[in-house]
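See structure below.
The values are calculated or read from the model by the stated rules, or taken from the named source; none is laboratory data. A quick note: this is a predicted structure, and the numbers were derived from the prediction, not measured. Cβ: placed from backbone, ideal geometry, glycine included. Neighbour counts: every protein chain shown. Protein only, heavy atoms only, side chains kept; ligands, DNA and RNA dropped before computing areas. Shrake-Rupley method; radii C 1.70, N 1.55, O 1.52, S 1.80 Å.
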Amino acid sequence: MAVYTEVNDEDLAGFIAQYDIGGVLACKGIAEGVENTNYILRTEKGAYILTLYEKRVDRTDLPFFMELMEHLSKSGVTCPTPIHRRDGRVLGELAGRPAAIISFLEGVWIKRPSVEHCGAVGRALGAMHNATISFPMSRPNSLSLSGWLALAKQADGRADSVLHGLTAIIADELAFHEQHWPQGLPTGVIHADLFPDNVFFLNGKLSGLIDFYFACSDILAYDVAVCLNAWCFETDHAYNATKGRALLAGYRAVRPLSDAEMNAMPILARGSALRFMLTRLVDWLSVPPGAMVKPKDPLEYWKKLRFHQRVSSPAEYGFDL
């Protein structure tokens, strides 16, 4: 979450008047993340999240995200859901941006995940994938292989200012994945961004998943690879196979993985590391002046990428083969 767009009191009051949530008591910007503008909104009827969708989010994708959250919630996956306006719609416009009010989810995200947290995340991700089997909508992954090439072009000529030789590293990785990216694996709707700050815990238990604005249709096991990258590396960038084993066991207890999916994990994890390195790199080089946002270090994922390049067996991630 982040704040790119300021909202004045008059416009906010007019927007809130379209909902049956009472008058505004407080509205405070949330200065984390890189995607949209978010505020914690407190009204006479409770707490909510007010989201203004910025330029990276295509407004034609917004119905997919809204419907997905409602579908998951109805299927037993705890997640925020859009609040309907008096006219039944969930999307409006505020400060020149598409905007929505989303239910507030109680809990906190874990900065230093434990083995138990990783197991819980694996189970939650498996439950989400099972729940989306009956979801009728789809959305292409704009940040899959073809999207990585576009990101590399955005950073072209500037990547070496972050790390000497990074331009060549990116080119080599893109060539590798164009040749080796897995085909024929099970697909469905994935979260695609299930990092620790998108998972809440309350009283030691996982209380819900948030931020579905990268959700798309892609290889289900790729979503697992994203989580291995996000949850199972230590602060010194060493991979923790015990955490990986817990996450994978939790996932497989809910949704079994085929041999083909397990064997593809080294490439999927390597591709995931490249994807996040590229998006962080572009954000690092392109933060708008004055934005209340702290870009994330792309070199964290360069270090993870180097680990995946050396992996020779899926067992190194914690699979019990």
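Quick one: if you take sqrt(5λ) for each eigenvalue of the C-alpha gyration tensor of segment 12-134, what semi-axes come out, biggest first, whole angstrom?
On the way: eigenvalues 140, 63, 45 Å².
In descending order the semi-axes read 26, 18, 15 Å.
With a point put 7 Å past each Cα toward its Cβ, work out how far Gln183 is from Lys205 in nm, to one decimal.
It is 4.6 nm.
Fully extended, how many nm does the chain gain between Thr242 and Lys294 (0.36 nm per residue separation, minus their Cα-Cα distance)? Spell out each step's value before the answer.
Details: separation 52, 0.36 × 52 = 18.72 nm, distance 3.08 nm.
Contour length minus the Cα-Cα distance gives 15.6 nm.
Over segment 57-207, one equal point on each Cα, no solvent: what is log10 I(q)/I(0) by the Debye formula at q = 0.10, 0.12, 0.14, 0.17 Å⁻¹?
Cα-only, vacuum Debye calculation for segment 57-207: -0.53, -0.75, -0.97, -1.19.
R0 = 56 Å: FRET efficiency of Phe104 with Ala175, Cβ-based, nearest 0.05?
Details: r = 45 Å, r/R0 = 0.80.
Computed FRET efficiency for Phe104 and Ala175 comes out at 0.80.
May I ask you to derive the relative contact order of segment 54-206, considering only C-alpha pairs under 8 Å and at least 6 residues apart, and to give it as an integer percent? Could the numbers behind the result be given before it?
Working: 110 pairs, mean separation 43.7, N = 153.
RCO, segment 54-206: 29 percent.
Counting pairs of Cα atoms in segment 102-174, how many percent are more than 17 Å apart?
Numbers: 1826 of 2628 pairs.
Pairs farther apart than 17 Å: 69 percent.
For segment 168-321, what is the relative contact order in percent, using Cα pairs closer than 8 Å and at least 6 residues apart in sequence?
Details: 179 pairs, mean separation 36.6, N = 154.
Relative CO of segment 168-321 lands at 24 percent.
Counting only heavy atoms of the protein chains, get the accessible area per residue of the chain (1.4 Å probe) and round it to a whole Å² value.
Details: 14240 Å² over 321 residues.
That works out to 44 Å² per residue.
Assuming R0 = 45 Å, what is the FRET efficiency of Glu10 and Asp156, from their Cβ-Cβ distance, to the nearest 0.05? The partial results should precede the final answer.
Numbers: r = 43 Å, r/R0 = 0.96.
My answer for the efficiency is 0.55.
Looking at the chain as a GNM with Cα springs under 10 Å, which of Gln154, Gln18, Gln179 has the largest mean-square fluctuation?
Gln179
Rg and Dmax in Å for segment 184-239, alpha carbons only: what are they?
Considering segment 184-239 through its Cα atoms, Rg and Dmax are 12.7, 40 Å.
I'd like the distance separating the alpha-carbon centroids of segment 160-210 and segment 50-74, in whole Å.
20 Å
With label points built 7 Å along Cα→Cβ from the Cα atoms of Arg56 and Ser114, find their separation and express it in nm.
3.2 nm
Out of the total accessible area of the chain (probe 1.4 Å, heavy atoms of protein only), what percent is carbon and sulfur?
Working: 7370 of 14240 Å².
Ligands and nucleic acids excluded, carbon and sulfur reach 52 percent.
If the convex hull of the alpha-carbon atoms of segment 204-308 is projected onto planes in all directions, what is the mean projected area in square nanometres? Don't skip to the end; give the middle numbers.
Numbers: hull surface 33.3 nm².
Averaged projected hull area, Cα only: 8.3 nm².
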